[in-house]
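Q: Handing you a structure now.
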């Protein structure tokens with residue numbers, strides 16, 4: 001009986017320490033939905049770029065199609081905004097369920113360590129677009145997003161680090177195959193997010 005009580009106390013202490021040092025209110029469902037949004041966005045982008053053809057790779061002269069470029073940026077922006085809103089709403093719900101503050105020292109640390117690589121990557125991508133280096137935009141977005149996840153993973157689930165490493169690896173491969181940027185973007189932000197979200201949901205959301 002005493003051993004069981006001791007185990008319960010240790011489990012309670014471990015839970016308190018985890019709550020105080022890690023943000024455990026990330027929602028797996030938000031990861032799944034972000035992946036779905038990304039795949040829908042990739043489908044829209046594909047229809048813009050390839051005009052219904054069945055080719056995965058088509059060299060496009062963006063210089064003669066600035067309208068298409070702006071439409072692609074708008075599509076990616078909508079995907080980003082929807083993903084952020086969904087993540088915030090579902091994380092807030094998880095925080096209430098787990099009695100963890102949505103905004104505290106840990107969540108602010110997580111946001112800071114994630115924001116630095118994302119902002120740096122966003123600036124780099126803007127520079128690449130200005131200089132018409134479209135072929136490595138997708139690779140850059142994957143790599144910097146992966147770096148942001150790895151950086152922030154110390155303040156949340158370890159699974160986030162593995163997702164980040166996969167994003168970085170995929171981005172490096174995409175940099176070697178610049179003509180397939182949309183495909184790698186869909187894999188990284190779509191498929192990997194759905195797999196990650198399902199894993200988080202099954203492990204922590206139940």
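Q: Could you pull out the residue among 188, 164, 171, 197 that is within 17 Å of residue 45 (Cβ to Cβ) and buried (at least 16 other Cβ atoms within 10 Å of the Cβ)?
A: 188
Q: Mind counting the residues in region 112-134 that are within 17 Å of the chain's Cα centre (by Cα) and in contact (Cβ under 8 Å) with a residue 24 or more places away in the chain?
A: 8
Q: Moving on to the next point. Report whether or not residue 189 is assigned to a helix (DSSP H, G or I) and without any contact (Cβ under 8 Å) to a residue 60 or more places away in the chain.
A: It is false that residue 189 is assigned to a helix (DSSP H, G or I) and without any contact (Cβ under 8 Å) to a residue 60 or more places away in the chain.
Q: While we're looking at this one, here's another question. How many residues does region 97-126 contain that are assigned to a helix (DSSP H, G or I), surrounded by 12 or more Cβ atoms within 10 Å (Cβ to Cβ) and modelled with pLDDT under 80?
A: Residues that pass the stated criteria total 3.
Q: I need the full set of residues from region 129-138 which are in contact with a helix residue (DSSP H, G or I) (Cβ under 8 Å, 6 or more places away or on another chain), part of a helix (DSSP H, G or I) and surrounded by fewer than 17 Cβ atoms within 10 Å (Cβ to Cβ), in order please.
A: Passing the criteria: only 129.
Residues are listed down the side, and each one gets a yes or a no for (1) part of a helix (DSSP H, G or I); (2) modelled with pLDDT of 60 or more; (3) farther than 30 Å from residue 181 by Cβ:
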{"site": "8", "(1), (2), (3)": "yes, no, yes"}
{"site": "36", "(1), (2), (3)": "yes, yes, no"}
{"site": "44", "(1), (2), (3)": "yes, yes, no"}
{"site": "63", "(1), (2), (3)": "yes, no, no"}
{"site": "76", "(1), (2), (3)": "yes, yes, no"}
{"site": "85", "(1), (2), (3)": "yes, yes, no"}
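The values are calculated or read from the model by the stated rules, or taken from the named source; none is laboratory data. Keep in mind it's a predicted model, so treat the numbers as computed, not measured. Neighbour counts are summed over all protein chains in view; Cβ atoms, including those assigned to glycine, are modelled from backbone coordinates with ideal geometry.
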